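First up is the structure itself, then whatever we jot down about it.
Throughout, read-outs are computed from the coordinates displayed, never taken from laboratory work. Everything numeric in this text was worked out from a predicted model, so none of it was measured. Cβ: placed from backbone, ideal geometry, glycine included. Neighbour counts: every protein chain shown.
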Amino acid sequence: MYRRTLMAAAAAAPFAAQAQAEWPSQPVRMVVPFAAGGPTDVPARLLADEMSRNLPNRIVVENRTGSGVVIGTDMVAKAPKDGLTILYTTVGHAVTRAMFDRLPFDPVADFQPIALVGQVPMIMLVNNDFPARTLPEFLAIIRANPGRYDYASSGNGGAVHLASELFLHLGGGLRMNHIAFRGSAPAYPDILAGRIPMIIEVAAGALGQIQRGALRPLAISTAQRSSLAPNIPTFIEGGVPGYEAYTWHMVMAPAGTPAPVVSAIHAAVSRAVTQLTPRLTEMAMEVVQGSTPASASAFLASEMAKWEPIIRAAGIRAN
């Protein structure tokens, strides 16, 4: 048995080496299931460009939007398993199963996670005229006035919406009304005018509002204070035990992609992420060093276990 195993491994070794050496044999499509120019597309293009510098063929970003992340994600699920079509996705991948009655793909079985690129924390912002100066004061006002106040999000089921619902849940069943916009930018006029008092915004967008003095930060969603904004206390410090929320960026391939090709993609992504760390950090991303296919898979499973019950309890459904 041992001899047969060694013989099989020896026979497979040349194929494995050849498959890894030949990737990519053609230009690679990196499918981004979000609009061009957005907060997911920009780092995806940085990664694709950096990978292209180190590979014999280019990585070409292709934006495929529709039905949340479903259209673009389904394209990758059904692509040939040759490593020439990969997915650059976010927390939106982890919530598809809970938000849609039917999916044309399985978010776990149809994908091979390659690497977690990084995580971007969230920051609670309130209108400058809102009476709460701290998170404990905000909690006291909301608890005393259930259902009176609104919060904004960048869209139904997105990272901003999920972070807000997690806050309401872990805050002890707080009641606020969800007002969904088509992105964070359209929400800001109502928040700045005081018609909507609060948004839990992705840090990349929130920091600009804070620096301009336009909105007041009350809490950041990291487990400990972040070097991005060390003066902002965490939700945990402010009285919401266990609160931690991020949007995140991950590279995936279709399930069944040969292991040598997965290894080659992983090596290319890892090298590019290391080289891009300063630029990604400037974009408020906490870069993950040393992510592997196994650790990325475990992270995806933990995110699905975290968010699916929140989505179901809140009754969040795809529009």
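Observations
- Short-range pairs are left out: with C-alpha atoms under 8 Å and at least six residues apart, the relative contact order of the range 107-258 is 41 percent.
- Under 5 Å from the amide H of G183 lie the amide H atoms of G155, each residue being 5 or more positions distant or on a separate chain, with H modelled from the backbone and absent for Pro and chain starts.
- Most fluctuating residue given options S153, S52, S221, as computed from a GNM of the chain linking Cα atoms under 10 Å: S52
- Folded to 0 to 90 degrees: helix 293-314 orientation relative to the chain principal axis, Cα: 40 degrees
- Using every pair of separate Cα atoms, the Kirkwood estimate puts the hydrodynamic radius of the range 183-319 at 17.8 angstrom.
- Three-way shape call for the range 125-225 based on the alpha-carbon gyration tensor, with the a/c threshold at 1.5: rounded
- Contour minus Cα-Cα distance for E62 and N231 (0.36 nm per residue): 57.0 nm
- Rounded FRET efficiency, nearest 0.05, which uses the C-beta distance separating A223 from T277 and R0 of 25 Å: 0.75
- Taking the chain as a Gaussian network of alpha-carbon nodes connected by springs under 10 Å, the highest mean-square fluctuation of the residues T247, T234, T281 belongs to T281.
- Label point 7 Å beyond Cα of K306 along Cβ direction - residues of the range 248-284 with amide nitrogen under 15 Å: 248-250
- Temperature 25 °C, viscosity 0.890 mPa s: under these conditions the Stokes-Einstein estimate for the range 162-201, based on its Kirkwood radius over C-alpha pairs, is 224 µm² per second.
- Once the Cα atoms are used to define both axes, helix 159-170 deviates from the longest principal axis of the chain by about 60 degrees.
- The GNM of the chain, with springs linking C-alpha atoms under 10 angstrom apart, assigns the highest mean-square fluctuation among G92, G238, G213 to G213.
- Proportion of all alpha-carbon pairs of the chain beyond 25 Å (%): 52 percent
- Remark: the range 77-89, residue by residue, has Karplus-estimated 3J(HN,Hα) of 4, 9, 6, x, 8, 10, x, 8, 9, 10, 10, 10, 9 Hz, where x stands for each Gly or Pro and the curve is 6.51 cos²θ - 1.76 cosθ + 1.60 at θ = phi - 60°.
- Gained length - A259 relative to R53, 0.36 nm times residue gap less alpha-carbon distance: 71.8 nm
- DSSP bridge pairs, the chain: antiparallel proportion in percent, nearest 5: 60 percent
- Cβ-Cβ FRET estimate between N145 and R102, R0 fixed at 41 Å, reported to 0.05: 0.60
- Debye log10 I(q)/I(0) for the range 263-319, one point scatterer per Cα, at q = 0.14, 0.15, 0.16, 0.17 Å⁻¹: -0.59, -0.65, -0.70, -0.75
- For I114, the residues 5 or more places off, or on other chains, whose built amide H falls under 5 Å of its own are V251, M252, A253.
- Extension gain (nm, one decimal) between A214 and A298, 0.36 nm per residue minus Cα-Cα: 26.4 nm
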